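Sharing a structure here in structure tokens format.
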Amino acid sequence: MLEIARTLDPQTSRALEDAPTPMSACADYDVVRRIIAFISENWRDQPSLESIADHVGLSTSHVHHLFRRWAGLSPKAFLQAVTLDHAKRLLDAEASLLDATLELGLSGPARLHDLFVTHEAMTPGDYKAKGAGLVLSYGYHPSPFGEAIVVATPRGLAGLGFVDDADRDGALADMRRRWPNADFVRDDAATSSYPARVFEPERWRPDQPLDIVLIGTDFEVRVWRTLLGIPFGRATTYSAVAEKIGSPKAARAVGAAVGRNPISFVVPCHRVVGRSGALTGYHWGLTRKQAILGWEAGRMA
DNA sequence: AGGCAATATCAGC
DNA sequence: GCTGATATTGCCT
């Protein structure tokens, strides 16, 4: 029982700097991530709540409450939600999961994704252009998973990433690398409305879909669109996605494309795991992938 | 050509 | 059986 997917990435376990902002969950994430990281590194000795609390320097009850508030789950339940076992069960139930949801999105523009997204793909030429001629506004905002960098065009959300170690420049550089020829303009006002719409499930309304813009190669866009069909709190494998897009043997390439997803969380690349149930990789750190998966588990009916 | 966020397979516990 | 290591793989940029 209690096996955490073993591929954890220790460098994501460092502390964030505090973000003095409303969305209270953001400040919590600093502690939460340290708790998750600690548990993940020490799962072999089944750390008690007490030793966890010790490690982050808080009382046991504080840890418990904080964690519950953030994840909707006790630390122990959270742990179970992120075990290999659990991931495997998600996969078993997978069956025709992708088919059911996706077809809906193809016939009508509206309902893809639990978040209700309308997507627009910027086509082939833009791959070569690397974003030339595009003006991208970006800003930094708190989120339940640490400070987020938000990148938007007038047509909608184009990028969403996370800041680690208070390294905003690094997060920005990561976005620039994706569209080297685009103009990046700091404009927090232009991006400030996104985080709440994205990270607060109670605001997900079919009549107010979120506009996103997918900028990538044809193959990438196909993969990303497929990801939008994976329901909240569920998971699939790289090979299943490969089959879905009609290249059953391209699991590896799918992995690479998934890794290049620019709109973290909204395009749920965190819901793709290895065939064995292992978490494999995550562009913004495996600890964060665990956190998001657990957070979703805590918000399931 | 080069590289992969994959997967199948196998030896050692 | 399970685990980690290694070999093989197909396809994208």
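What does DSSP give for the stretch A:145-301 in terms of the percent of beta bridges that are antiparallel, rounded to the nearest 5?
Details: 6 of 10 bridges.
Counting DSSP beta bridges with both partners in the stretch A:145-301, the antiparallel share is about 60 percent.
While we're here: Starting from the amide H of A:Thr118, placed 1.01 Å from N in the peptide plane, find each other amide H under 5 Å away whose residue is 5 or more places distant or on another chain.
Amide H neighbours of A:Thr118, under 5 Å, 5+ apart: A:Leu210, A:Asp211, A:Ile212.
In nanometres, what is the gap between the two model label sites at A:Asp207 and A:Ser276, each 7 Å from Cα along Cα-to-Cβ?
Result for the modelled spin labels: 4.9 nm.
Same structure again: Report the Cα centroid-to-centroid distance between the stretch A:141-190 and the stretch A:192-211 in angstrom, as an integer.
The stretch A:141-190 and the stretch A:192-211 have Cα centres separated by 18 Å.
Could you tell me the calculated FRET efficiency between A:Arg68 and A:Phe232, based on Cβ-Cβ distance and R0 = 22 angstrom, to the nearest 0.05?
According to the calculation, E is roughly 0.65.
State to the nearest 20 debye the size of the charge dipole of the stretch A:178-301 about its Cα centre, where the only charges are +1 on K and R beta carbons and -1 on D and E beta carbons.
Values: 17 positive and 11 negative charges, 112 e Å.
In debye, rounded to 20, the stretch A:178-301 gives about 540.
Based on the alpha-carbon set only, what is the convex hull volume of the stretch A:173-244 divided per residue, in Å³? Write down the numbers at each step before the final one.
Numbers: hull volume 10.3 nm³, N = 72.
Dividing the Cα hull volume of the stretch A:173-244 by its residue count gives 143 Å³.
Another one. Test of understanding: what is the full-extension gain from A:Asp28 to A:Arg89, defined as 0.36 nm times their sequence separation minus their Cα-Cα distance? Mind dumping the intermediate values first?
Details: separation 61, 0.36 × 61 = 21.96 nm, distance 2.89 nm.
Taking 0.36 nm per residue and subtracting the Cα distance, the gain is 19.1 nm.
Extension gain A:Ala129-A:Met300, at 0.36 nm per residue separation less the Cα-Cα distance, in nm?
Full extension from A:Ala129 to A:Met300 adds 57.5 nm.
For A:Arg275, A:Arg69, give me the order by solvent-accessible area with a 1.4 Å probe, most accessible first, ignoring ligands, DNA and RNA. Could you put the intermediate results ahead of the total?
Values: A:Arg275 180, A:Arg69 140 Å².
Heavy-atom accessible area, descending, gives A:Arg275, A:Arg69.
The values are calculated or read from the model by the stated rules, or taken from the named source; none is laboratory data. Everything numeric here is computed off the predicted structure, so don't read it as measured data. Backbone-built Cβ (ideal geometry, glycine too); neighbour counts: all protein chains shown. These accessible areas exclude ligands, DNA and RNA; they are computed on the full protein's heavy atoms, side chains included. Shrake-Rupley method; radii C 1.70, N 1.55, O 1.52, S 1.80 Å.
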